[in-house]
Each structure stands twice: as C-alpha cells, then as structure tokens.
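The values are calculated or read from the model by the stated rules, or taken from the named source; none is laboratory data. These figures come from a predicted structure and were not determined experimentally. Note that each Cβ is placed from the backbone with ideal geometry, even for glycine, and that neighbours are counted across all protein chains shown.
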Amino acid sequence: MNKNNRGINGFNTPLLSDQRNQSNKILFSAYELVSTKGYANVSLRNIADHAKVVLSQVTYYFKNKEGLMTAVVKMMADKFIQEIEEVLKTGDSSKEKMMSLTQYYKDILTNNPSLLRIFYDLTAMSLWSEKFSKLLDGLFEKLTSLIQTYIIEAMIQENKHKSPSTEGLSRMILGAMIGTTIQFLLNPNIEKIDKSLNSINILFE
C-alpha cells in the first residue's frame, strides 16, 4: 500500500477525498489525542479544535465523548483483529505461528506503543462504562478465538500437547501477552520484554 495513505500511528486512513468527510476528521483526531494524552485528559473541545471543526459537529456525529470513543475503539479493534489474523496465517507449524504473533507484539511495542496504550486506557474505563466493557470483551473474545483456531488447535493436531481446554490455554497465552505489554508500557525495557514474550514459546518446544 502507498505509504502516503498510512494513517495516524500506522492505521490506514481513507483516501484524501474521504478524509474531507467531517466525521473521519473527528474520528482520527480523537484517536491521535487520546493515544498521546489519555482519555481523561482530552475533551470534546480539544478534539474539535484538533480536527478544525466546531464542537456541534462532534456532538452531531457522535453525540458525546463515550459515543466518539466507542467509534474509535471499533476502528482500532477491526484493524487489530485483521492484522493479527494475517500474522497467524503465516508459518506452517503452531510454533512458527506463535513466534510470528510474539514478533508482531514486539514490533508494536517498539514502533507503535500508542496503539496498545489507548486500548489499556479504555480497558480501565470499561470498568465504569457498559459500552466500553462490551466492546473490549468482544475484542478479547475474538483474539482468544484466533489464538485457539490458528495456534492451539494446530498444536494439538501436531500431537505436541494435549490440552483439556483449548479455550483455556488460548486465554492463558493472551493474558500473558497482555500482562507483558502492560509491564512494557510502565517500564519500556525492550530486552526484558523480549525475554518474557520469547518464554511463551516454551509451550511449543
């Protein structure tokens, strides 16, 4: 894809003609501000100013801040799921697929940590918002399902490991990766995180 069409922090934006659409401008401005400053530190006024629109246009398209951020999370989740599924399709064995997934996370942590930072920021908000809670729970369910389908079930077919619960093992792997990512965001030591992510591959030895 032409690099000129790459969006904020690696997301693909619509083509130029579509970028003139006010709702898209607001959506990507919200993503950029929240990913760099945090949900609690950004107001609808900040987003409107950044998008160079009047505040009434933001409320017209998204009603309120929660509605706008719900749209942002949906945009991010769709992109995230698409990329991870593409990654998991690479490699012939379960071990190779797991290594591809851990490498994908390393690349994000190194080159695009704001993508994960905004997810964890909104995960905290989901404790108080039913909309965020359902949205993020759906994302985690899809990630678990992808790991189960492409890695765990492939591992069982290879007779490398027999798990009483393919879903449980998938959730354990996802949980380990999420926990490792949080540690990196708090203390960005790539060498330590690299060792932690690599240790997940022990399951496939």
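If the condition is being crowded, with 18+ Cβ neighbours inside 10 Å and polar (S, T, N, Q), then the stretch 124-151 contributes 144, 148. Close Cβ contacts (under 6 Å, 6 or more residues apart or on different chains) running from residues in the stretch 174-196 that are free of Cβ contacts under 8 Å to residues at least 24 places away in the same chain and farther than 22 Å from residue 137 by Cα to residues that are part of a helix (DSSP H, G or I) and not aromatic (Phe, Trp, Tyr) comprise 196/180. For the stretch 18-32, a tally of residues being out of contact with any Phe, Trp or Tyr (no Cβ under 9 Å at 6 or more places or on another chain) and assigned to a helix (DSSP H, G or I) returns 5.
When you scan the stretch 33-98 for helices (runs of 4 or more DSSP H) that lie fully inside it, which ones turn up with 2 or more residues that are β-branched (Val, Ile, Thr) and surrounded by 15 or more Cβ atoms within 10 Å (Cβ to Cβ)?
Here the list reads 55-62, 65-88.
Considering (1) closer than 30 Å to residue 41 by Cβ; (2) surrounded by 15 or more Cβ atoms within 10 Å (Cβ to Cβ); (3) at pLDDT below 80, the lone condition that residue 163 does not fulfil carries the number (1).
How many residues are of a type outside the set (Asp, Glu) and under 19 Å from residue 125 (Cβ atoms) when one looks only at the stretch 46-80?
Of the residues in that region, 19 qualify.
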